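Asker: Once you've had a glance at the structure underneath, I'll fire off some questions.
The values are calculated or read from the model by the stated rules, or taken from the named source; none is laboratory data. This is a predicted model, so every value here is computed, not measured. A quick note on method: Cβ atoms are made from the backbone with ideal geometry, for glycine too, and the neighbour counts reach across all protein chains shown. Protein only, heavy atoms only, side chains kept; ligands, DNA and RNA dropped before computing areas. Shrake-Rupley method; radii C 1.70, N 1.55, O 1.52, S 1.80 Å.
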Amino acid sequence: MIEHISFSLPLFWSVVLAFAILVYVLLDGFDLGVGILFALDRDETHRQQMMGSIAPVWDGNETWLVLIGTTLFGAFPVVYAIFLAAFYLPVALLLVALILRGVAFEFRYKDKRHRWLWDLGFVLGSVIAAFIQGAAIGAMVAGIAVQDGRFIGGPFDWLSPFSVLCGLGLVVGYALLGAGWLVLKTEGGLRDWAYAWLPRLLAGVIGVVVLALTATLVGDFEVVRRWLAQPWLFAFPLLASAAAWGLWRGVQARRDWQPWLMASALFVTAFAMLAGSFWPWIVPYHLTVEQAAAPTSSLSFLFYGIGLVVLPVIMVYTAVVYWIFRGKVSPEAIND
Amino acid sequence: MDIDPVSVSRLQFAFTASFHIIFPAFTIGLAAWLATLEGLSLVTGRTLYRRLFDFWLKVFAVAFGLGVVSGLVMAFQFGTNWGELSTRAGPIQGPLLAYESFTAFLLEATFFGVLLFGRGRVPRWAYFLSTLMVALGTTFSAFWIMANNSWMQVPVGYDLVDGIFTPRDWAEILLDPVLWVRFPHMLLGAYLTTAFCVAATGAWYLLRDRHLGEARVMLGMGLGIAAVLIPAQILFGHLNGEYTAEHQLGKFTTIEGRWQTEQPARLILFAWPDIAEERNRFEIALPALGSFVDQGNFTAKEPGIVTVPADDRPPFLIPFYGFRIMVGLGLVMLALSWVGLWLTLRGRFRGPTPGPRWFLRATFLAWPSGFIAVLTGWLTAEVGRQPWVIYGVMRTAEAVTPSLSSGAALASLTAYFLVYALIFSAGTLYLYRLLREGPLEDGPESEGGPSSRARPAALGDLNPGRPLAVGGPIPAAKRRAIRKATAPNPGPRNLTTDPASTEA
């Protein structure tokens, strides 16, 4: 049994990892996006509606980040060590940002005199978290200095004009997801406000993508050769264009479900494009999934408990929570 | 301290772990306490247990939230600061910690949500089951953490393949006798921490003549549980010591504080060491008791620190004093709980007066003893493990991330320090306010569900992931009502000592 399974275990865990990352980006993406949009609207009732729309779910969304971290540690310990070493400072900043943002949900209602402080923490936490995640993707595309399975670069290697561009891109992208979420979950003035922001944010995302693509071509990144070697990957930009068009149509027709769904579709295609470009590398161009995988004894130990039991339960649970909280957030339901 | 990435990383890990451990130590015990209260409420039908449950649930929620937030940093630190350890020992440590986070998520996402918002929405048996599941979940969580830590203390069940610790036998790792001595020791430590917090809160209210019914139950149950558990804790502590003597000579001899091998060996109660000269400048010792404590006879030969090569010895002060503080507080708790038992049997807590005030004061003052004992015990275990990260196999100095610079490490340490200081002072203040407020006396009278939860659910109420929101801000009108309801009973002492009584 175990011998039979061992052939596909690294594959299984890389799929779980990719799935967890995608779920994290889609879920925490919109709630970080709402945090970013929070900065652009000073209306207190709008702000409470924004908080209320993500309050029941943000914590669960963020937990996927911990699951990503520990899955990586459990199934691909070498990759865990390389990434966290390469992104030492941004990871520390990310954790601080997420902690500040997390307590803001509670503390802003406790202490009205210092509400501005917790609001600032909420906005900064959201913006920093989004920026760092985008910058990390950019740094990965550009390549990480690895030798003998260890990171050998410096603490600021991740910081480059290209990674900053990607970081800003993700801030705008998450804001787009967040605006789609607000349209879906709220009513009245805030919904109109979010509708007004959607086209600007979409234009912003398209602008950043065009700039990033230009930079990729000019920078002569390895990833371009991989695109040319696998032309089927170009199906994803086409799908993404369709999603962008669908988003625009959704805004015009004011179909509340459409912008969020299409923004999510944009992210799925972008993720598939990245994953397809990197596969089978897990640390691009240094370690493949098979090379980086923990020994079979570790992977199968993880498989029988987490893979077969815990993970399916978590997925069902997540779906149930979103089902329970479906529908618009009524303005009266905000606790203050 | 010399500034090198290893020292800064050790300081950072010690700082974040010390902060973190306070909260799980509390919540593991609180979860069991909540399950007990809910069970009692179910069996006896007394509303008093429900009021206590509702009160301690709020405390649990805040402590749990702070534990989760500080745990976030722990989950990533192995990779950021101890990259070489993660690379080499990841195949064993990674799965253990993955099990921890997945089971913890499962617990938090499902049953904790039921606890916070499910009262009145699920049948009572399902609610009780949820309290048991939360208690089980925190226990599991502790188990995986202790499994990982015990493996670092006494590594078993692995093969070294090209420098990589490869799991050979998971059963051997999970059934390691060392783990099954240390895990109960930790659990009992958590239970005792909570028992003393509960008892001290009861003593506090009794001293201030408030919530008398609840306070007596808290004092009685807290001390009663402690009176039973401390002897068991002493037994596991002793077994722990035996395994330390067997597997970790450097830690063992340092805790003993004995430099030279002796036969029979003295028991050193207190000492001030001269590390360069390998002797104690000053010590208080009892003859032959060292042999007796370790071997059960008065003539056994016991090794000294000098039998361990100088490079393999842990630092002296923290394990030596940490151990003594832990044991000393254990004895204080034993004495308090047994005196409490004796006073209870003599009926001193019955009748109109709260009980002997000297005893209540002492119990109140003992509230942090469990926390300090857990923290010093943990420091003894961890600092005593040095200079090894995986005992006898891999040194701490080899474990650090190769690319890590001192500057980066200092930057993260400063950032964590600042943000922890901010959020934990806010959180602690909030916990203090909750405890000062005490249980609601206008609590549920019927078993159908408390009045406060009967209203249509607001979003914040339904959110399983918002532990800190549970207490929420109490509106001024409600706070006035609470104060009125909890105002001290008019009695001879209140009128003179409690200024609040003028309001009543």
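Asker: Above 22 Å lies some portion of the pair distances; for segment B:1-95, what is it as a whole percent of all C-alpha pairs?
Answerer: 50
Asker: Averaged over A:103-114, how many beta carbons belonging to a partner chain fall within 10 Å of each residue's beta carbon?
Answerer: 5
Asker: Roll a 1.4 Å probe over the protein heavy atoms and report the accessible area of A:W248 in Å², nearest 10.
Answerer: 100
Asker: What full-extension length gain, to one decimal in nm, is calculated for B:R168 and B:Q295 as 0.36 nm per residue of separation minus the Cα-Cα distance?
Answerer: 42.4 nm
Asker: Just grab the label-to-label distance for A:A319 and A:A253, each label 7 Å out from Cα along the Cβ direction, in nm (one decimal).
Answerer: 2.6
Asker: Can you give the angle from 0 to 90° between the axis of helix A:188-218 and the longest principal axis of chain A, with both taken from C-alpha atoms, to the nearest 10?
Answerer: So the helix axis and the longest Cα principal axis differ by about 30 degrees.
Asker: Whole angstrom only: what separates the Cα centroid of segment A:245-317 from the Cα centroid of segment A:53-131?
Answerer: The distance from the Cα centre of segment A:245-317 to that of segment A:53-131 comes to 19 Å.
Asker: A follow-up question, please. If you average 1/r across every pair of different Cα atoms in segment A:1-104 and take the reciprocal, what Kirkwood value do you get, in Å?
Answerer: For segment A:1-104, inverting the mean 1/r across all distinct Cα pairs yields 15.8 Å.
Asker: In Å², what does the accessible area per residue of the protein assembly as shown work out to with a 1.4 Å probe? Numbers along the way, then the final one.
Answerer: Details: 33870 Å² over 840 residues.
So the protein assembly as shown comes to 40 Å² accessible per residue, rounded to a whole number.
Asker: Ignoring everything except DSSP H segments at least 4 long, calculate the 222 nm mean residue ellipticity for the protein assembly as shown; use -39,500 (n - 2.57) per segment, divide by total residues, nearest 500.
Answerer: Calculated at 222 nm, the ellipticity per residue is -23500 deg cm²/dmol.
Asker: Kindly tabulate the residues in segment A:117-157 with an accessible-area decrease of at least 20 Å² between the chain alone and the assembly of all protein chains, using a probe of 1.4 Å.
Answerer: Those residues are A:W118, A:R150, A:F151, A:P155.
Asker: Still on this structure, please answer the following. Calculate the FRET efficiency for A:L228 and B:A310 from the Cβ-Cβ distance with a Förster distance of 51 Å, rounded to the nearest 0.05.
Answerer: With R0 = 51 Å, the Cβ-Cβ based efficiency is 0.25.
Asker: List the extent of the Cα atoms of the protein assembly as shown along each of their three principal axes, largest first, rounded to whole Å.
Answerer: 82, 70, 51 Å, listed from the longest principal axis down.
Asker: Right, here's the next one. Could you check how many percent of all C-alpha pairs in segment B:306-383 are farther apart than 19 Å? Numbers along the way, then the final one.
Answerer: Details: 1576 of 3003 pairs.
Summing the P(r) of segment B:306-383 above 19 Å gives 52 percent of all pairs.
Asker: Where q = 0.10, 0.11 Å⁻¹, what log10 of I(q)/I(0) comes from the Debye formula for chain A, counting one point per Cα?
Answerer: Reported log10 I(q)/I(0), two decimals: -0.62, -0.75.
Asker: Pop out the ³J(HN,Hα) list for segment B:31-37 in order, Karplus 6.51 cos²θ - 1.76 cosθ + 1.60 with θ = phi - 60°, rounded to Hz; leave Gly and Pro as x.
Answerer: Listing the rounded values in order: 4, 5, 4, 5, 4, 4, 4 Hz.
Asker: Further question: With loop defined by DSSP as not H, G, I, E or B, and exposure as at most 12 other Cβ atoms within 10 Å, which is the longest segment of chain B clear of exposed trypsin sites (Lys or Arg not before Pro)?
Answerer: B:1-300
Asker: Looking at the square roots a ≥ b ≥ c of the eigenvalues of the Cα gyration tensor of segment B:57-112, which shape do they give, rounded for a/c under 1.5, prolate if a/b is larger than b/c, or oblate?
Answerer: Judged from the Cα gyration tensor, segment B:57-112 comes out oblate (a/c at least 1.5, b/c at or above a/b).
Asker: Under 5 Å between amide hydrogens, which residues at least 5 positions from A:T186 or on another chain qualify, with H placed 1.01 Å from N in the peptide plane?
Answerer: Under 5 Å from the amide H of A:T186 lie the amide H atoms of A:V329, each far enough along the sequence or on another chain.
Asker: If you roll a 1.4 Å probe over chain B with all protein chains in place, what percent of the accessible area is carbon or sulfur?
Answerer: 67
Asker: Summing +1 for each Lys or Arg and -1 for each Asp or Glu, what net charge is found among the other residues whose Cβ lies under 14 Å from the Cβ of A:V25?
Answerer: On the way: positive: none; negative: A:D28, A:D31, A:E62.
Residues near A:V25 contribute -3 overall.
Asker: Can I ask one more? Taking segment B:293-374, which chymotrypsin sites (Phe, Trp or Tyr not before Pro) meet the DSSP loop condition and have no more than 15 other C-beta atoms within 10 Å?
Answerer: B:F298
Asker: Could you compute the FRET efficiency for A:L211 and A:L308, with r as their C-beta to C-beta distance and R0 at 45 Å, rounded to 0.05?
Answerer: Here the calculated transfer efficiency is 0.50.
Asker: Please give the contour-minus-distance gain from B:E437 to B:W342: 0.36 nm per residue of separation, less the Cα-Cα distance, rounded to one decimal in nm.
Answerer: Length gained between B:E437 and B:W342: 31.2 nm.
Asker: Using the Cα centre of segment A:186-336 as origin and beta-carbon charges of +1 (Lys, Arg) and -1 (Asp, Glu), tell me which of A:T186, A:I324, A:A243 is placed farthest towards the positive end of the dipole.
Answerer: A:A243
Asker: Here's another thing I want to ask about it. Please calculate the 1.4 Å probe accessible area of B:I423, with all protein chains present, and give it to the nearest 10 Å².
Answerer: 0
Asker: With charges set only on the Cβ (+1 for Lys and Arg, -1 for Asp and Glu), what does the dipole of the protein assembly as shown come to about its Cα centre, in debye to the nearest 20?
Answerer: For this selection, approximately 3060 debye.
Asker: Run the reach check for A:K328 against aspartates and glutamates, Cα to Cα strictly under 12 Å, same-chain hits fewer than 8 apart removed. What comes back?
Answerer: List returned: A:E187, A:D256.
Asker: First select every other residue whose beta carbon is under 15 angstrom from the beta carbon of B:F183; then total the charges, Lys and Arg +1, Asp and Glu -1.
Answerer: That works out to -1.
Asker: Using a simple spin-label model with points 7 Å from Cα along the Cα→Cβ vector, what separation in nm is obtained for B:V228 and B:A276?
Answerer: 5.5
Asker: Once the whole set of protein chains is in place, how much accessible area is left on A:V210, using a 1.4 Å probe, in Å² to the nearest 10?
Answerer: Only protein atoms counted, so the area is about 80 Å².
Asker: Can I ask one more? Provide, in order from the shortest bin, the percent of all Cα-Cα pairs of chain B in each 20 Å bin, continuing until the bin that contains the maximum pair distance.
Answerer: 21, 51, 26, 3
Asker: Scan around B:L267 for amide H atoms under 5 Å from its own, H built in the peptide plane at 1.01 Å from N, and keep only partners 5 or more places away or cross-chain.
Answerer: The answer is B:L286, B:A288, B:L289, B:G290.
Asker: Estimate the FRET efficiency between B:T44 and A:D220 by the formula 1/(1 + (r/R0)^6), using the beta-carbon distance for r and 56 Å for R0, to the nearest 0.05.
Answerer: Efficiency computed from Cβ-Cβ geometry: 0.15.
Asker: Next question. Do any chymotrypsin sites (Phe, Trp or Tyr not before Pro) in segment A:254-336 lie in a loop, going by DSSP, with at most 15 other beta-carbon atoms within 10 Å of their beta carbon, and if so which?
Answerer: Loop-located and lightly packed - A:Y285.
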